[in-house]
1. Using the count of nearby Cβ atoms within 10 Å as a rough guide to exposure, how do V169, V234, V263 rank from fewest to most?
2. Taking the beta-carbon count within 10 Å as an exposure proxy, list L69, L117 from fewest neighbours to most.
3. In terms of modelled amide H atoms, which long-range or inter-chain residues lie less than 5 Å from the amide H of E111?
4. When the chain is fully extended, how far beyond the present Cα-Cα distance does S114 get from L259, taking 0.36 nm per residue of separation?
5. Any chance you could run the full-extension gain for W252 through N83? It's 0.36 nm times the residue separation minus the Cα-Cα distance, nm to one decimal.
6. Once phi is turned into ³J(HN,Hα) by the Karplus curve 6.51 cos²θ - 1.76 cosθ + 1.60 with θ = phi - 60°, what whole-Hz value does each residue of the range 9-16 show in order, with x for glycine and proline?
7. What's the exposure ranking of Y193, Y50, going from fewest to most Cβ atoms within 10 Å?
8. Starting from the amide H of N215, placed 1.01 Å from N in the peptide plane, find each other amide H under 5 Å away whose residue is 5 or more places distant or on another chain.
Amino acid sequence: MKLWKILFFNFLIMGTLISISSISWFSMWMGLEINLLSFIPLISKYKNLYSSESAIKYFMIQAIASIILLMSMIIFSMNFSLNNSSLMMNSALFLKMGAAPFHFWMPEIIEGLSWFLTFTMLTWQKIAPMILLMYNISSISFFMIFIFSSMIISTLFNLNQSSLRKILVFSSINHIGWMLSIIYINQTIWLIYFLIYFFLSMKLIFMFFSLNIFNFNQISLFSNSKLFKLFFLVNFFSLGGLPPFLGFFSKWIILNELLMLNVTFTIFMIFITLIMLFSYIRIFLPSLILKSQEISNKMNFSKKLTFLNYLNFMFLMLNPLIYFIF
């Protein structure tokens, strides 16, 4: 990795750490701006039209969110309409993380990113806005709008996708809905959920990067490899929350908490998750029913990819113990 990439990536991490560890809203805003200005050069390093367009769009959206956030901080500091300033602040943070209905920019921008930057945007870039939301939970009904929107819109849009990047984007928006539903109840469970989502996304994106696939139609080319089908099945079903995989554990502990508060809302989340699982099965189905002679059975999986997927099976065996503990 080149020195300037390491430098900007370190500033990217530092910006997030400044935001989540600051004691003043202005310092938090500065951390977000450091994070933004560090991410733009990483996007635009590729000399093609898509990356340049993605960098410009990302900068414009994040700049608008930053202006709204700064204005809300000024209003808040002057003690004018505290409730409205709090709603403005939260709206800016929702826009920064890409929660629906402020998700419109993410699917287009993600197409111009590398797999590594896709992983960064879907995971690391959500940490600071999420934690800042913990400090400013003002209206539960306002939060519910974004929870419902994120889960419904992501599920509907995911049904008609063929791009693996966009599938991961809408999956990320769906997981935002899950994380928002628990963020004001139990922050420890939110952290567990985020770490599991981080791990599952890392495995999937590393697999796509290693095999150089970008469209779910390409999956049928690997239909002769039983190892690939097994890894792909386990990873996507785990991301969708199918028992007894690791992703189910993260959703299960959230459902345990929500059942004590609102049964109707919990049933709604389960129903939406089933539809999302259907979209994942639709992605995997071509590799089960189609046969291709283009790829031989002797596929060379990298040791890192194989190790990450075997970790999933290890967690699968530990799941009964984890359920007993929680």
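1. With the fewest neighbours first, V169, V234, V263 line up as V263, V234, V169.
2. The most exposed by this proxy come first: L117, L69.
3. none
4. 48.2 nm
5. So the extension gain works out to 57.5 nm.
6. Those phi angles translate into 5, 5, 5, 4, 5, 4, x, 5 Hz.
7. Y50, Y193
8. HN-HN under 5 Å from N215: L164.
Rule-based calculations on the coordinates, nothing more; no lab input. From a predicted model like this one, the values you see are computed outputs, not experimental measurements. Heads up, the Cβs are rebuilt from the backbone with ideal geometry, glycines too, and the neighbour counts pull from every protein chain shown.
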